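Before any comments, here is the structure.
The values are calculated or read from the model by the stated rules, or taken from the named source; none is laboratory data. The structure displayed is predicted, hence computed values, not measured ones. Cβ atoms come from the backbone with ideal geometry, glycine included; neighbour counts cover every protein chain shown.
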Amino acid sequence: MTLAATFLLWLLVVAAYDFQQRRVPNWLVVAGATLSVVALALGTGPLGLAWQAAFLGGAAAFGFLLLFYAAGLMGAGDVKFAGVLGLWVGLHAFIPIWVVASLLACAHAVLWRYLERWPFLPRLTSMLAGPSRTSESSAPPRRLRIIPYAAYLALAAMVWTVWGRES
């Protein structure tokens, strides 16, 4: 399996996990970061980035989305995933990926709000809202996460990796 295929597989797993659970587990973030650093060390990254470009992309993506986390608009897993994604693709590719992912997340939110008000498709509304959060008495209450932002970042990165570099 080539490194580009491994990268795409990692993105697919992150997207599937975030769509289903509305979270990105640390083991997926660490796996992606490890693969990225190994690819950089071997000089075989899918985009052929230099160390400086990769770390600039990772730091910028992490730092920018950290502002959204601090404002309570995003989960920590989304921010960590974005940082690792920035390591893989660099800043020049992360910006269009981020724009597309944000548009997809906005469409998700608008559609969910619309269907929540006028519930003519309850199954779709439920899918858009994510898993139900039944809290146990001993567990601390968790904040409801409707938008699987890391999944949209992963989908946009997959599309960009396959088609975006050719233009």
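Quick look at the numbers
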quantity: Hey, Ala16 under 18 Å from Ala157 (Cα atoms) and more than 17 Å from the chain's Cα centre (by Cα) or not; calculated: no
quantity: Residue in segment 130-144 that is at pLDDT 85 or above and surrounded by fewer than 18 Cβ atoms within 10 Å (Cβ to Cβ) present; calculated: no
quantity: Condition met for Gly43 (farther than 12 Å from Ala157 by Cα and touching a Lys or Arg at 6+ places or on another chain (Cβ under 7 Å)); calculated: no
quantity: Residue match in segment 37-44 (condition: in contact with a Gly (Cβ under 9 Å, 6 or more places away or on another chain), of a type in the set (Gly, Ala, Ser), over 15 Å from Gly83 (Cβ atoms) and buried (at least 16 other Cβ atoms within 10 Å of the Cβ)); calculated: yes
quantity: All positions within segment 6-22 that are touching a Pro at 6+ places or on another chain (Cβ under 9 Å), surrounded by fewer than 19 Cβ atoms within 10 Å (Cβ to Cβ) and farther than 16 Å from Val37 by Cβ; calculated: Leu8, Phe19, Gln20, Gln21
quantity: Any pair with Cβ under 8 angstrom, 6 or more apart, that starts in segment 155-166 at a residue that is under 14 Å from Gly45 (Cα atoms) and of a type in the set (S, T, N, Q) and ends at one that is assigned to a helix (DSSP H, G or I) and at pLDDT below 85; calculated: Thr161/Ala4
quantity: Test: Ala41 is more than 20 Å from Asp78 (Cβ to Cβ) and assigned to a helix (DSSP H, G or I); calculated: yes
quantity: Residues of segment 44-61 satisfying the condition of being more than 14 Å from the chain's Cα centre (by Cα) and part of a helix (DSSP H, G or I); calculated: Trp51, Gln52, Ala53, Ala54, Phe55, Leu56, Gly57, Ala59, Ala60
quantity: Looking only at segment 48-64, and only at residues there that are crowded, with 19+ Cβ neighbours inside 10 Å and either more than 20 Å from Gly77 (Cα to Cα) or in contact with a Ser or Thr (Cβ under 6 Å, 6 or more places away or on another chain) (or both), the one that is modelled with the lowest pLDDT; calculated: Leu49
quantity: Close pairs from segment 41-58: first at negative phi, partner assigned to a loop (DSSP other than H, G, I, E, B) and modelled with pLDDT of 75 or more, Cβ under 8 Å, at least 6 apart; calculated: Gly57/Leu49
quantity: Count of residues meeting criterion [in contact with a helix residue (DSSP H, G or I) (Cβ under 8 Å, 6 or more places away or on another chain) and either among the aliphatic types (A, V, I, L, M) or free of Cβ contacts under 8 Å to residues at least 40 places away in the same chain (or both)] in segment 65-78; calculated: 6
